[in-house]
Amino acid sequence: MSAALQIAPLADADIPAVIALWRRCGLVRPWNDPEADIALARQNANADVLLGRAGDVIAASVLVGHDGHRGWVYYVSVDPDHQRQNFGGAIMTAAEDWLRARGIEKLQLMVRGDNTQVQAFYESIGFGEQKRIVYAKWLDGRELTP
Ligand SMILES: CC(C)(COP(=O)(O)OP(=O)(O)OC[C@H]1O[C@@H](n2cnc3c(N)ncnc32)[C@H](O)[C@@H]1OP(=O)(O)O)[C@@H](O)C(=O)NCCC(=O)NCCS
């Protein structure tokens with residue numbers, strides 16, 4: 001149960017294990033360098049990576065941050081061997097608390113259109129779909145990735 005999940009910010013020694021977790025969860029895209037994403041998130045006070053430990057195992061994680069207005073989460077992940085034990089709910093609650101403590105009132109996230117099963121998860125923890133069109137642009141001028 002979620003009571004068994006100990007949640008704390010990531011430490012340097014956790015980096016290889018959390019990247020392995022993200023890969024097992026199918027969250028690493030070829031155009032994203034997870035190590036660089038972690039370093040950037042930890043560089044400033046507006047973002048961090050939270051980990052959930054079940055015993056010695058890193059079973060859950062989330063990259064949480066805010067842009068000065070809204071909160072965002074990325075890399076929401078629970079190890080496939082530990083799913084459906086409310087660890088996903090627990091790590092998202094920790095992300096919400098992290099944002100609330102910084103005065104942020106609304107949390108947003110993006111789900112890839114083909115990730116249908118995760119929609120039931122977010123709805124079960126109180127999120128609702130917002131009708132928006134998301135625009136994006138790589139700032140180094142490269143072609144937009146899917
Ligand atoms: C999405 C994810 C984080 C959920 O983690 P989890 O620990 O299994 O979720 P929880 O146990 O907290 O689930 C809470 C509720 O969400 C719903 N839910 C979770 N996973 C679900 C699934 N695969 N299908 C349908 N409903 C699901 C259920 O209502 C569940 O309650 P229940 O187990 O009592 O039925 C996990 O499946 C995961 O890491 N997936 C791969 C990575 C990913 O897609 N991340 C999100 C990117 S946007």
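Below, the figures for the structure above:
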| item | result |
| --- | --- |
| Unmet criterion (only one of (1) away from the ligand (no atom under 15 Å from the Cβ); (2) of a type outside the set (Gly, Ala, Ser); (3) open to solvent by 20 Å² or more (accessible area, probe 1.4 Å)) for residue 99 | (3) |
| Options 48, 140, 67, 37; residue that is modelled with pLDDT of 95 or more, acidic (Asp, Glu), within 12 Å of the chain's Cα centre (by Cα) and over 27 Å from residue 4 (Cβ atoms) | 37 |
| Residue within the stretch 111-133 that is of a type in the set (Val, Ile, Thr) and touching a Phe, Trp or Tyr at 6+ places or on another chain (Cβ under 9 Å) present | yes |
| Residue list for the stretch 2-18, restricted to those being at pLDDT 95 or above and open to solvent by 20 Å² or more (accessible area, probe 1.4 Å) | 6, 7, 8, 9, 11, 12, 13, 15, 16, 17 |
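The values are calculated or read from the model by the stated rules, or taken from the named source; none is laboratory data. Being a predicted model, the structure only gives us computed values, none of them experimental. Methodologically, a virtual Cβ is constructed for each residue, glycine included, from the backbone with ideal geometry; neighbour enumeration extends over all protein chains shown. Accessible surface is based on the protein model in full, side chains and every heavy atom, while ligands, DNA and RNA are left aside. Shrake-Rupley method; radii C 1.70, N 1.55, O 1.52, S 1.80 Å.
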